[in-house]
Amino acid sequence: MKFLVTAGPTREFIDPVRFLSNPSTGRMGFAVARAARAAGHEVTLVAGPVALRTPHGVRRIDVVSAREMLTAVESENFDCLVATAAVADWRPARCASKKLKKNEMDGLLRLVRNPDILKTVALRLRRGHGRRPILVGFAAETGDPASEAVRKCREKRLDFVVANDVTSAGSGFGTDTNRVAFVFPDGRIERLPLMSKAAVARRIVRMASGLRNISE
Ligand code: C5P
């Protein structure tokens, strides 16, 4: 299978030296890319700004902003998209061409919504013909992740969502482990124990390729 994985944060610049972003390190996405490659798949990784080495045998496209990430994803063909990226939901309405002085910034920041990459791609694929690729989303929640994840799964028309509570110990941003649940559009939930991101990644790849085989 051809896997496309989005990973890391995006940066949305206010001026040449300031941006909006989030603490995503890209580790989960890089682990998925590595696991998919190890399982013999062809893998492309679309990465926001992260400090990680490209897994062996993986093709990598570096991007900075959400809009660049969308362009990169839309230009690729894939059998499975795993969207782990923590895309910034908002960007400044405009980016100043010169560094803003502190006193120029008061009340200046106006934000506009960024495109939802996964939703945009899902919508386009729904309209298209032929076999639909497997779409996997992530839902980082603070609290019980399951109910929000089911809604997200249906709204974005995904095959499953990997839900995690980013506030629980050993889970979320910057950790090596994750406690996740796989949530399906019919409301079914498969809770996994706390495990390494590498092990979670292998489970995701196995689930995605299993679903692909069922749809064959
Ligand atoms: O709605 P929410 O942002 O929580 O959805 C998370 C999922 O959607 C993740 O898989 C994330 O990579 C994807 N996403 C996206 N583009 C956005 C926001 C989220 O692809 N602008």
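Which of the strands (runs of 3 or more DSSP E) contained wholly in the range 37-143 include at least 2 residues that are within 16 Å of the ligand (Cβ to nearest atom), closer than 22 Å to ASN178 by Cβ and not polar (S, T, N, Q)?
On the way: elements: 42-47, 59-62, 80-83, 90-92, 111-113, 134-141.
Passing ranges, in order: 42-47, 80-83, 134-141.
What pairs come up if the first residue lies in the range 121-141 and is more than 15 Å from ASP159 (Cα to Cα) and free of Cβ contacts under 8 Å to residues at least 60 places away in the same chain, the second is of a type in the set (Val, Ile, Thr) and surrounded by fewer than 23 Cβ atoms within 10 Å (Cβ to Cβ), and their beta carbons are under 6 Å apart, counting only those six or more places apart or on different chains?
The qualifying pairs are ALA140/VAL166.
Being surrounded by 23 or more Cβ atoms within 10 Å (Cβ to Cβ) and in contact with an Asp or Glu (Cβ under 7 Å, 6 or more places away or on another chain) is the filter; apply it to the range 4-57 and report the residue that is farthest from ALA201 (Cα to Cα).
ALA47
Please enumerate the residues belonging to the range 95-107 that are surrounded by fewer than 13 Cβ atoms within 10 Å (Cβ to Cβ) and not hydroxyl-bearing (Ser, Thr, Tyr).
Within the range 95-107, the first condition is being surrounded by fewer than 13 Cβ atoms within 10 Å (Cβ to Cβ), and the residues that meet it are 97-99, 101-104, 106-107.
LYS98, LYS99, LYS101, LYS102, ASN103, GLU104, ASP106, GLY107 - these are the residues of the range 95-107 that are surrounded by fewer than 13 Cβ atoms within 10 Å (Cβ to Cβ) and not hydroxyl-bearing (Ser, Thr, Tyr).
If I ask for residues that are over 17 Å from MET69 (Cβ atoms) and in contact (Cβ under 8 Å) with a residue 40 or more places away in the chain, which ones from the range 93-104 would you list? First the steps, then the outcome.
Our first condition is that a residue be over 17 Å from MET69 (Cβ atoms); within the range 93-104, this holds for 93-94, 96-104.
Answer for the range 93-104, where residues must be over 17 Å from MET69 (Cβ atoms) and in contact (Cβ under 8 Å) with a residue 40 or more places away in the chain: ALA96, SER97, LYS98, LYS99, LEU100.
Only one of ARG131, ARG91, ARG127 is farther than 18 Å from SER21 by Cβ and surrounded by 10 or more Cβ atoms within 10 Å (Cβ to Cβ). Can you tell me which? Working first, answer last.
Values: ARG91 fails: farther than 18 Å from SER21 by Cβ; ARG127 fails: surrounded by 10 or more Cβ atoms within 10 Å (Cβ to Cβ).
Testing whether each residue is farther than 18 Å from SER21 by Cβ and surrounded by 10 or more Cβ atoms within 10 Å (Cβ to Cβ) leaves just ARG131.
Of these, VAL73, VAL58, VAL43, VAL87, which one is within 29 Å of ASN213 (Cα to Cα), of a type in the set (Val, Ile, Thr) and under 12 Å from the mean Cα position of the chain (by Cα)? Walk me through it before giving the result.
Values: VAL58 fails: under 12 Å from the mean Cα position of the chain (by Cα); VAL43 fails: under 12 Å from the mean Cα position of the chain (by Cα); VAL87 fails: within 29 Å of ASN213 (Cα to Cα).
Testing whether each residue is within 29 Å of ASN213 (Cα to Cα), of a type in the set (Val, Ile, Thr) and under 12 Å from the mean Cα position of the chain (by Cα) leaves just VAL73.
Could you count how many residues in the range 169-192 are touching a Lys or Arg at 6+ places or on another chain (Cβ under 7 Å) and more than 25 Å from ALA51 (Cβ to Cβ)?
Pass one, the range 169-192, residues touching a Lys or Arg at 6+ places or on another chain (Cβ under 7 Å): 170-171, 176-178, 181, 185, 192.
Next cut, more than 25 Å from ALA51 (Cβ to Cβ) only: 181, 185, 192.
Total meeting the criteria: 3.
If you go through the range 144-154 one residue at a time, how many are surrounded by fewer than 22 Cβ atoms within 10 Å (Cβ to Cβ), more than 8 Å from the ligand (Cβ to nearest atom) and not basic (Lys, Arg)?
Initial filter on the range 144-154 (surrounded by fewer than 22 Cβ atoms within 10 Å (Cβ to Cβ)): 144, 146-148, 150-152, 154.
Filter again for more than 8 Å from the ligand (Cβ to nearest atom), leaving 144, 146-147, 150-151, 154.
Restricting the remaining residues to those that are not basic (Lys, Arg) gives 144, 146-147, 150.
The number of residues fulfilling the criteria is 4.
Starting from the range 79-92, take each residue that is farther than 11 Å from ILE117 by Cα and touching a residue at least 40 places away in the same chain (Cβ under 8 Å) and list its partners that are of a type in the set (Asp, Glu) and more than 9 Å from the ligand (Cβ to nearest atom), counting only C-beta distances under 6 angstrom and pairs at least six apart or across chains.
ARG91/GLU12
Read-outs throughout are calculated quantities, based only on the coordinates presented, and are distinct from any laboratory measurement. Treat the numbers as computed from the prediction; the structure is a model and nothing was measured. Neighbour counts are summed over all protein chains in view; Cβ atoms, including those assigned to glycine, are modelled from backbone coordinates with ideal geometry.
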